[in-house]
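Everything below concerns the one structure shown next.
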Amino acid sequence: MATTTTPSSVRVKEALLVTPSDPTPTGILHLSAIDSQLFLRFTVEYLFVYRPPSSLHQATVVTRVKSALARALVPYYPFSGRVRPRADVTGGLEVVCRGQGALFIEAFSDVYTAKDFDKAPKTVTQWRKLLSLYVPDVLKGSPPLVVQLTWLADGAAAVGVGINHALCDGIGSAEFLNYFAKLASGPRDFDPKPRPVWDRHIMNPPPSKKNDRAKGNSYSYSHSHAEFARVPDLCGFMNKVTTGLRPTSIVFNKRRINELKGIARYSSESSSSSHTSFEVIAAHVWRSWARALGFPPNQQLKILFSINVRNRVKPNLPEGYYGNAFVLGCAQSSAKDLAEKGIGYGSGLVKRAKERVDGEYVRRVSELVSEWRASPDPVGVLIVSQWSRLGLDRVEFMGRPIHVGPICWDRYCLFLPVRDEAESVRVAVAVPAAAFDSYHRFIGESNL
């Protein structure tokens, strides 16, 4: 009996390993305790969409991108290595550097056009094939860097990039991608600015005595580090927040952000409090998400978000440090309080979570993740990652990107840049289909 097949949305033309263009150091580099955290052992996947000028031939672009990748892998040579667990008892990770190479893929799509990226995808995995290599386990010899250039049906181009999160954080990724893109679009070589700095030992905990370790048992950290503490599950949380996910994309422009700031100031416990754009958007999204999903009033909820510590530790981290240099800020509330006390309450919680982070806080986190394998528990948690201020909108492979976002959408919430609107933020998060309409209604409310 004959069978029918659905045509693929993306066809791969070429896949090859690109190695550094010049000789690079060989050996083994240790990743830091912060890099080696359990929840960072995955691939961060970026998607950029471009409208290249018609005079730019596809073959020329492909040659330039492959050449630029080879050259970028010289100063960033660990990106052409392989990440693996260390053989000792630390539980840490290391990079085997032998110039093994990063993966480059060229592909074509007869289905997608640039216009398809003006709105959220219809499903969380609709754009999955724009980065064809999906790596479920980043510690089993896969390339830590994958780049896929896909030509779209209308002549536009999509560049998907996957980077092993254990190697770098968002700031480090953006610095690498900006350098790589400039090499691809520029006429000549130049040194990256800032120059990449490895120095991962800086983010390791200081040597501690056995008695000190005994005091830091797995219970005690829950009092000062709520991001690692478990909360009771009163509602089958993970099933509730992951069933039938549907992507959402909502833009907060300058006017809306200022409106939220005014409401937060009015409803704050302190009338003199002022809040940043991040604080009010994060609080409003957290509250709207919680109300839409209808958690039990006593369910404890947390919002986790990354806090850059490059300038919060003493001495400051060197310019060009591209490793993971963040800790998780954590605000916590009952679902009832979050819903009833308004955006000023939530904004205050986020603000205080940021203010708690100093050098001592970072030291304790590095000890907890190194010695106790502390890792966030997912129950009650909404994770927010701020991509809007990383400079991803300046990654100019073929001019400025017309779209910046993730390959796949998830229950994790991303703050994304908005083209030609520097003060606007696009909030991307997938919510259960049953909560989709309620989430949009709560997000649009002004009675907060």
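The values are calculated or read from the model by the stated rules, or taken from the named source; none is laboratory data. Only a predicted model underlies this, so the values are computations on that prediction, with no experimental measurement involved. Every residue, glycine as well, gets a Cβ built from its backbone with ideal geometry; the counts of neighbours run over all protein chains shown.
Quick look at the values:
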| item | result |
| --- | --- |
| Filter result for the condition that a residue is surrounded by fewer than 21 Cβ atoms within 10 Å (Cβ to Cβ), without any contact (Cβ under 8 Å) to a residue 60 or more places away in the chain and over 30 Å from Gly172 (Cβ atoms), over Pro315, Pro297 | Pro297 |
| So Ala181, is it modelled with pLDDT of 65 or more, out of contact with any Leu (no Cβ under 8 Å at 6 or more places or on another chain) and either in the same structural domain as Arg356 (by TED's automatic domain parsing) or outside any loop (DSSP other than H, G, I, E, B) (or both) | yes |
| Failed item in (1) in contact with a strand residue (DSSP E or B) (Cβ under 7 Å, 6 or more places away or on another chain); (2) on the phi < 0 side of the Ramachandran plot; (3) surrounded by 15 or more Cβ atoms within 10 Å (Cβ to Cβ), with Gly101 passing the rest | (2) |
| Qualifying position, being closer than 24 Å to Arg200 by Cα and in contact (Cβ under 8 Å) with a residue 40 or more places away in the chain, among Ser36, Ser54, Ser21 | Ser36 |
| Extreme residue, farthest from Cys413 (Cα to Cα), among residues of segment 360-390 that are among the aromatic types (Phe, Trp, Tyr) and surrounded by fewer than 20 Cβ atoms within 10 Å (Cβ to Cβ) | Trp372 |
| Residue identified as in contact with a His (Cβ under 6 Å, 6 or more places away or on another chain) and of a type outside the set (Asp, Glu) among Phe108, Phe104, Phe79, Phe117 | Phe117 |
| Close pairs from segment 181-203: first in contact (Cβ under 8 Å) with a residue 40 or more places away in the chain, partner surrounded by 15 or more Cβ atoms within 10 Å (Cβ to Cβ) and of a type in the set (Asp, Glu), Cβ under 8 Å, at least 6 apart | Ala181/Glu396; Lys182/Glu396; Ser185/Glu396; Pro192/Glu175; Pro194/Glu175; Pro196/Glu175; Arg200/Asp35; Met203/Asp35 |
| Lone qualifier among Val280, Val285 - being of a type in the set (Val, Ile, Thr), within 24 Å of Phe117 (Cβ to Cβ) and buried (at least 16 other Cβ atoms within 10 Å of the Cβ) | Val285 |
| Verdict on Ser385 being among the small types (Gly, Ala, Ser) and touching a His at 6+ places or on another chain (Cβ under 7 Å) | no |
| From the options Leu47, Leu17, residue that is surrounded by fewer than 14 Cβ atoms within 10 Å (Cβ to Cβ) and in a strand (DSSP E or B) | Leu17 |
| Verdict on Ile163 being more than 30 Å from Val111 (Cβ to Cβ) and not in a loop (DSSP other than H, G, I, E, B) | no |
| Residues located in segment 32-62, provided they are aliphatic (A, V, I, L, M) and either under 19 Å from the mean Cα position of the chain (by Cα) or outside the structural domain of Val146 (by TED's automatic domain parsing) (or both) | Ala33, Ile34, Leu38, Leu40, Val44, Leu47, Val49 |
| Filter result for Ser142 (small (Gly, Ala, Ser) and modelled with pLDDT under 95) | no |
| Considering residues of segment 233-249 that are among the β-branched types (Val, Ile, Thr) and surrounded by fewer than 18 Cβ atoms within 10 Å (Cβ to Cβ) only, the residue farthest from Trp387 (Cα to Cα) | Thr243 |
| Top-ranked residue of segment 63-77 - restricted to ones that are of a type in the set (A, V, I, L, M, F, W, C) and part of a loop (DSSP other than H, G, I, E, B), ranked as nearest to the chain's Cα centre (by Cα) | Leu73 |
| Options Asp393, Asp410: the member that is surrounded by fewer than 17 Cβ atoms within 10 Å (Cβ to Cβ) and in contact with a strand residue (DSSP E or B) (Cβ under 9 Å, 6 or more places away or on another chain) | Asp410 |
| Cβ pairs under 6 Å, 6+ apart, first in segment 236-258 and on the phi > 0 side of the Ramachandran plot, second modelled with pLDDT under 95 | none |
| Whichever residue in segment 223-232 is in contact (Cβ under 8 Å) with a residue 24 or more places away in the chain and part of a helix (DSSP H, G or I) and, among such residues, is surrounded by the most Cβ atoms within 10 Å (Cβ to Cβ) | Glu227 |
| Selection status of Phe48, of a type in the set (Phe, Trp, Tyr), in contact (Cβ under 8 Å) with a residue 40 or more places away in the chain and over 26 Å from Met398 (Cβ atoms) | no |
| Candidate set from segment 129-152 (those that are within 20 Å of Val65 (Cα to Cα) and aliphatic (A, V, I, L, M)); member that is farthest from the chain's Cα centre (by Cα) | Leu152 |
| Any hit, segment 247-263, residues being in the same structural domain as Val431 (by TED's automatic domain parsing) and part of a loop (DSSP other than H, G, I, E, B) | yes |
